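For reference, the structure is listed below as structure tokens.
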Amino acid sequence: MTAGAVFFLDLGDGAPADGKARVATTPTPTPEPTELPEGVNCSGDACTGEDPEEQGCGGEYARTVTEVRVGAAFVEMRHSEVCGAVWARITEAAAGDSVRVAVGKQSESAEVAAGSGGQPGVTEAYTLMVAAGEPADAEVCGTTVAGEKGCARPSGEDGSGTPAPPGSGTSAPPGGTGSGTSETEGGPTAAG
């Protein structure tokens, strides 16, 4: 006479009775967005159309990623990694000079204001922000009242630019970054 027994053991830990491990199929929850630094009020798309200074995206959280000289004006693209946005700034400019930053179809522009009451005008202006995953997705352009135009895009993988080669028809100020083109009504020029 032969006797046998079969035991089914449930250890109560959720392991299957056959002893084989099972792979969990429950997706890992997406982590909450990282908290913004104190004083920073927006990130990504929420920054589009907002003032970089008022939202805390300027100062220590911003850097120039490309620049180009257009006539006497100096045009820069500013980027805040924390805010995920870019904006344009124009300095050494004349009243009526303008600057524009674009990412795809989204753009912002600003114009240097004229002085009032016989006082000299401000010689700089900056645009509102446009969300940008990478600075290389954006372009900055400046136009002077004399009709000179120039544009630049960051050219480095990290969003930083590099100077344009001499005689290439593109320009960047000495020690400048980015590749840009400056032109007048008569055609391209090397603006330096």
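Residues in region 42-50: is at least one open to solvent by less than 60 Å² (accessible area, probe 1.4 Å), more than 15 Å from the chain's Cα centre (by Cα), of a type in the set (Val, Ile, Thr) and closer than 13 Å to Thr127 by Cβ?
For region 42-50, residues open to solvent by less than 60 Å² (accessible area, probe 1.4 Å), more than 15 Å from the chain's Cα centre (by Cα), of a type in the set (Val, Ile, Thr) and closer than 13 Å to Thr127 by Cβ: absent.
Note down all Cβ pairs under 7 Å where the first residue falls in region 124-146 and is surrounded by fewer than 19 Cβ atoms within 10 Å (Cβ to Cβ), the second is polar (S, T, N, Q), and they're at least six residues apart or on different chains.
That search, which allows pairs on different chains as well, returns Glu124/Thr91.
Please find, among Ala102, Ala88, Ala72, the residue that is over 15 Å from the mean Cα position of the chain (by Cα) and not β-branched (Val, Ile, Thr). Give the steps one after another, and end with the answer.
Details: Ala102 fails: over 15 Å from the mean Cα position of the chain (by Cα); Ala88 fails: over 15 Å from the mean Cα position of the chain (by Cα).
Result: Ala72 is the single residue among Ala102, Ala88, Ala72 that is over 15 Å from the mean Cα position of the chain (by Cα) and not β-branched (Val, Ile, Thr).
So which residues in region 93-105 are among the charged types (D, E, K, R) and within 10 Å of Val70 (Cβ to Cβ), if there are any at all? Even if it seems obvious, please write down each step before you answer.
First, the residues of region 93-105 that are among the charged types (D, E, K, R): 97, 100, 105.
If the condition is that a residue be among the charged types (D, E, K, R) and within 10 Å of Val70 (Cβ to Cβ), then Asp97 is the only one that fits.
Exactly one condition in (1) in contact with a strand residue (DSSP E or B) (Cβ under 8 Å, 6 or more places away or on another chain); (2) among the charged types (D, E, K, R); (3) modelled with pLDDT of 60 or more is false for Glu134; which is it?
So the condition that Glu134 fails would be (1).
On the basis of being open to solvent by 60 Å² or more (accessible area, probe 1.4 Å), modelled with pLDDT under 95 and among the charged types (D, E, K, R), does Glu111 make the cut?
Details: open to solvent by 60 Å² or more (accessible area, probe 1.4 Å): yes; modelled with pLDDT under 95: no; among the charged types (D, E, K, R): yes.
No.
Among the residues of region 54-86, how many are open to solvent by less than 10 Å² (accessible area, probe 1.4 Å) and assigned to a strand (DSSP E or B)?
Selection size over region 54-86: 10.
Spot the failing condition for Ser155; the list is (1) farther than 30 Å from Glu38 by Cβ; (2) part of a strand (DSSP E or B); (3) within 15 Å of the chain's Cα centre (by Cα), and only one is missed.
Going through (1) farther than 30 Å from Glu38 by Cβ; (2) part of a strand (DSSP E or B); (3) within 15 Å of the chain's Cα centre (by Cα) one by one, Ser155 breaks only (2).
The values are calculated or read from the model by the stated rules, or taken from the named source; none is laboratory data. Fair warning: this is a prediction, and the values are worked out from it, not measured in the lab. Counting neighbours? That spans all protein chains shown, and the Cβs are built from the backbone with ideal geometry, glycine included. Side chains included, ligands, DNA and RNA excluded: accessible areas come from the protein's heavy atoms. Shrake-Rupley method; radii C 1.70, N 1.55, O 1.52, S 1.80 Å.
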